[in-house]
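Participant: Let me begin by handing over the structure; questions about it come next.
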Amino acid sequence: YRLLEINRKINAELDLERLLELIMDTAVELTGAERGFLLLADPQSGALRVEISRHLDARSLETEEGAYSRSIAEKVLREGAPLITTSAKEDPRFEGYLSVHKLSLQSVLCIPIRARGRSVGVLYMESRIARGKFTLSDQRLLLAFGDQVALALTNAQLHRENAARARALEQTNDELRHAKSELE
């Protein structure tokens, strides 16, 4: 029931900036993560960029504090499969990932955000303190949330594009009215 409430709330938000904040705050709340990042892939290059990040106390993360394991995020984006670990720095899958060791990562939960049959970004949640913070139940919940995130982001982006087109059309109409009045 809680997830249905959340889905209604995020799908009703059409302002992209407010939607991003709502998504990140909800993801942190759902998982109890120490830190969270919403990363989207650039449509041309495919490179991930941080759209928004949060600390558990709802602060935005800045500069060095905002570092995350790019390798883990890119792996999830590339493979389109969720990733969970109880202790990333001890997990043999991440032995060669320098960022995991530099950040002393313990628990990581990262899920793909899929739209139109492909991964368009990831929700990356972590705890550098708590070992075993995330469960398979957290992963299932975040995956379900991620599916709704993709829909909400698509809707907000389409709304933004339509609003820009409407403004351009209105400007063109104004120019045509002005040109018509000059001809008369």
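No lab work stands behind these numbers, since they all come straight from the coordinates. Quick caveat, the model's predicted, so the values are computed rather than measured. Backbone-built Cβ (ideal geometry, glycine too); neighbour counts: all protein chains shown.
Participant: Given Cα pairs under 8 Å that are at least 6 residues apart, what percent is the relative contact order of segment 96-184?
Facilitator: The value is 24 percent.
Participant: Moving to a separate point now. Quick one: which residues, 5+ away or cross-chain, put their amide H under 5 Å from the amide H of Val120? H built at 1.01 Å from N.
Facilitator: So Val120 has HN proximity to Ile113, Arg114, Ala115.
Participant: Scan the chain and hand back the longest stretch that contains none of the trypsin sites (Lys or Arg not before Pro) lying in DSSP loops with at most 12 other Cβ atoms within 10 Å.
Facilitator: The longest uninterrupted stretch comes out as 117-184.
Participant: May I pose another question? Relative to the compact globular guide of 2.2 N^0.38 Å, what is the alpha carbon radius of gyration of segment 4-140, as a ratio?
Facilitator: Against the compact-globule rule of thumb, the ratio is 1.00.
Participant: For segment 75-184, what is one quarter of the convex hull surface built on the Cα atoms, given in nm²?
Facilitator: With every direction weighted equally, the projected area is 10.2 nm².
Participant: List the extent of the Cα atoms of segment 126-180 along each of their three principal axes, largest first, rounded to whole Å.
Facilitator: For segment 126-180, the Cα extents along the three principal axes come out at 70, 22, 5 Å.
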